[in-house]
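Peer 1: Quick one: the structure is below, questions incoming.
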Amino acid sequence: MVQSATAKELFNLSGRVAIVTGGSVGLGRQMAEGLAEMGANVVLCARKKERCEQAAEELRLLGVKTLALGCDVKNPDQVQAVVNATVSQFGRIDILINNAGTSWGAAVEEMRLEHWNKVIETNLTGTFLFSQAVGKVMVPQRRGKIINIASVAGLRGAPPEFQAIGYHASKGGIIAFTKDLACKWGIHNIQVNAIAPGWFPTNMSQVVIERNKDAFLGKIPLRRFGNDHDLKGAAVYLASDASDYVTGHVLVVDGGQTA
Ligand SMILES: NC(=O)c1ccc[n+]([C@@H]2O[C@H](COP(=O)([O-])OP(=O)(O)OC[C@H]3O[C@@H](n4cnc5c(N)ncnc54)[C@H](OP(=O)(O)O)[C@@H]3O)[C@@H](O)[C@H]2O)c1
């Protein structure tokens, strides 16, 4: 018989091991902090290793262990190196957040193939490469949580003022990838879910948000942008035992923008 657990136990991440790609700044940093606050040890990776080291140092103050690694998610060898380093340091991987992402703004008619490819390879192929490499650890463990960071941009189109078709396509792809992988790896007790954030001011979004502030706010029922902790709850929930019967889900965190 399965033993009953309290809600506090279900959300507890003490001793769990999480990799957060792009965990150095922005939404990745926020989610890594949320997991660390619930007790998880966190591995942060991105291309700029110094920013990962800085974030890792700050998160260590929460009393957890951290590891900072340089990695381009487009590069299979570098992805494998992060997985190897994590297993050698911690012996397992419980949680993967595929958060690293990029965008490119250009009209569809003008979008250069190299820019389209960069966005698809970072957002979608990077998610595939990390899931594949981490899956090889999670499958034999017979447990794991994969959280893919999509976007409301993956759920619907945008008017002609907002031109980032590669970004929309990559995020729609991440949602389809999440659902299919959930169907494939359910038999291994691995839950695969996505979070679709709305507008959060970060390096990536700041300029667009500033330029369109009033128009955006008018379409958000809660009349504000996402803040420095609005994603923590969704990340902790999908990383924890509290979501053990949830897989293939897209959790929208957008202030009601797509309601
Ligand atoms: N901000 C929003 O409003 C919003 C809304 C919906 C979804 N999202 C999604 O949230 C995620 C985080 O975005 P953010 O807003 O926090 O942006 P951000 O502040 O620009 O952070 C992006 C992170 O991804 C890393 N990264 C970029 N390319 C990478 C690569 N090739 N390999 C490894 N790491 C890479 C960056 O570090 P390096 O540059 O050092 O590699 C950085 O850590 C993205 O997937 C984004 O699409 C954001």
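The values are calculated or read from the model by the stated rules, or taken from the named source; none is laboratory data. The shown structure was predicted, so the numbers you read here are calculated from the model rather than taken from an experiment. Here the Cβ positions follow ideal geometry from the backbone for every residue, glycine too, while neighbour counts run over all protein chains shown. These area figures cover heavy atoms from the full protein model, side chains too; ligands, DNA and RNA do not enter into them. Shrake-Rupley method; radii C 1.70, N 1.55, O 1.52, S 1.80 Å.
Peer 1: Stretch ASN117-LYS213 to full length: gain in nm at 0.36 nm per residue minus the Cα-Cα span?
Peer 2: Taking 0.36 nm per residue and subtracting the Cα distance, the gain is 31.6 nm.
Peer 1: Run the quick spin-label model on CYS183 and SER4: label points 7 Å from Cα toward the beta carbon, then report their separation in nm to one decimal.
Peer 2: Reported label-point gap for CYS183 and SER4 is 3.6 nm.
Peer 1: Multiplying the sequence separation of GLU57 and GLN141 by 0.36 nm and subtracting their Cα-Cα distance, what value in nm do you get?
Peer 2: Result for the pair: 27.4 nm of gain on full extension.
Peer 1: Can you list residues from other chains, or at least 5 along the same chain, whose modelled amide H is less than 5 Å from the amide H of ILE19?
Peer 2: Those lying under 5 Å, H to H, from ILE19 are VAL43, ILE95, LEU96, ILE97.
Peer 1: P(r) for region 159-259: what percent of alpha-carbon pairs falls in each 5 Å bin, starting at zero?
Peer 2: All Cα pairs, binned at 5 Å, distribute as 2, 11, 18, 21, 19, 13, 9, 5, 2, 0 percent.
Peer 1: In debye to the nearest 20, how big a dipole does region 127-179 give about its Cα centre with +1 on each Lys and Arg Cβ and -1 on each Asp and Glu Cβ?
Peer 2: 400
Peer 1: Could you list, bin by bin from short to long, the percent of Cα-Cα pairs of region 184-228 in 5 Å steps?
Peer 2: Taking all Cα pairs of region 184-228, the binned fractions are 5, 18, 23, 16, 8, 6, 9, 9, 6, 1 percent.
Peer 1: Once the whole set of protein chains is in place, how much accessible area is left on GLU37, using a 1.4 Å probe, in Å² to the nearest 10?
Peer 2: Its accessible surface works out to 90 Å², give or take rounding.
Peer 1: I'd like to check one number: the per residue accessible area of region 59-187, probe 1.4 Å, reported in Å² as a whole number.
Peer 2: 47
Peer 1: Let me ask you something else. Roughly how many Å is it from the Cα centre of region 76-120 to that of region 124-152, as a whole number?
Peer 2: Cα centroid to Cα centroid, the span is 11 Å.
Peer 1: Taking each pair of different alpha-carbon atoms in region 48-185 once, compute 1/r for the pair, average those values, and report the inverse of that mean as the Kirkwood hydrodynamic radius in Å to one decimal.
Peer 2: It is 16.4 Å.
Peer 1: Also, quick follow-up: For every helix of n ≥ 4 consecutive DSSP H residues, a contribution of -39,500 (n - 2.57) applies; sum these over the chain, divide by its total residues, and give [θ] at 222 nm rounded to the nearest 500 deg cm²/dmol.
Peer 2: That calculation yields -12500 deg cm²/dmol at 222 nm.
Peer 1: Taking a quarter of the surface of the Cα convex hull of region 40-123, what do you get in nm²?
Peer 2: The orientation-averaged projected area of the Cα hull of region 40-123 comes to 6.4 nm².
Peer 1: Something else now. Given charges of +1 on the Cβ of Lys and Arg and -1 on the Cβ of Asp and Glu, with all other atoms neutral, how large is the dipole of region 134-231 about its Cα centre, in debye to the nearest 20?
Peer 2: Charge dipole, region 134-231, about its Cα centre: 400 debye, nearest 20.
Peer 1: Roughly to the nearest percent, how much of the accessible area of the chain is carbon and sulfur, given a 1.4 Å probe?
Peer 2: 54
Peer 1: What is the extension gain from LYS49 to GLU37, computed as 0.36 nm multiplied by their sequence separation minus the C-alpha to C-alpha distance, in nm to one decimal?
Peer 2: Stretched out fully, the LYS49 to GLU37 stretch lengthens by 2.1 nm.
Peer 1: Whole number please: convex hull volume per residue of the Cα set in region 1-43, in Å³?
Peer 2: 79
Peer 1: Starting from 0 in steps of 5 Å, tell me what percent of the Cα-Cα pairs of the chain lands in each bin.
Peer 2: In whole percents, the pair-distance histogram is 1, 6, 13, 18, 20, 17, 12, 7, 3, 1, 0, 0, 0.
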